[in-house]
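Where a number appears in this text, it was derived from the coordinates with a stated rule and is not lab data. Owing to the predicted nature of the structure, the values given are computational and were not obtained by experimental measurement. Using ideal geometry, Cβ is built from the backbone for each residue, glycine included, and neighbour counts are taken over all protein chains shown.
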Amino acid sequence: MVIRTTTETAKEKKTMSKIQVLLIEDNRFLREGIAAMLDDHDDFQVVARSADGDAVHQLKKKDSLPDVVLLDMGLEKADSLELMTLLQHELPTVKIIAMDIIPDHIDIVEFVKAGGSGFILKNAASEDWITTIKAVASGEKVLPPILTHSLFSQIIELALKNGKQIPADSINFTFRERQVVDLIAKGMSNKEIAASLNIATFTVKSHVHNILEKMTLNTRLQIAAFVNKEGGT
């Protein structure tokens, strides 16, 4: 099976009904934005949207099941990989696309091993969303150009290198996220943070994903650099 990047064009079909999409994303504004983008396109229909996968049980009662699931890999209240396993059990014909900021290689390997069909960067252009979903729906495997950073991320990284500060009060961290940020700055691993805060490792991983998303950064090192520049959160 051919593996393609999101910059390649999906295979065209002579006839294609609307691709039915289930959207699972716990950021409400992002969830509504993605749904609106897809619903505006003639080839897609968002049949359900959810913050944590509850829509799966609702869909089983309907005649129209999704062709593709867009799954947030950084869910705050659920383990995304476990939810993916549930989706494959409940909806065995569905194809799953993971959504993330900048997925690391471990995330990609785990997702592929679990049977995932594609990745899409949350800050990707709308054309990449369209081609990725179409390609996966047609049976292809799609990986993102993970070495390509968004322009906004490059601007922030440059600002950190040049010593320019980003106002801490402009980032709406939760109390737990602030704790995780501080521990990342101390060089702790996810397992060490989990032990320190008495929470599950996958919960820490979800917090890290959310922190990166809010800061529009790509790596834990950038989080630490931000904290050091700011003198703490």
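Taking the number of other C-beta atoms within 10 Å as the exposure measure, put Thr93, Thr203, Thr174 in order starting with the fewest.
Arranged by neighbour count, lowest to highest, Thr93, Thr203, Thr174 become Thr93, Thr174, Thr203.
Pop the C-beta distance of Ala200 and Ser126 into the FRET formula with R0 = 45 Å and round what comes out to the nearest 0.05.
The formula returns an efficiency of 0.85 here.
Once you've got the Cα coordinates, tell me which of Lys122/Lys205; Lys18/Lys141; Lys113/Lys191; Lys113/Lys134; Lys134/Lys191; Lys141/Lys186 are over 27 Å apart.
Lys134/Lys191; Lys141/Lys186
What is the fewest-to-most order of Ile223, Ile96 by other Cβ atoms lying within 10 Å of their Cβ? Mind dumping the intermediate values first?
Details: Ile223 21, Ile96 24.
Ascending Cβ contact count within 10 Å gives the list Ile223, Ile96.
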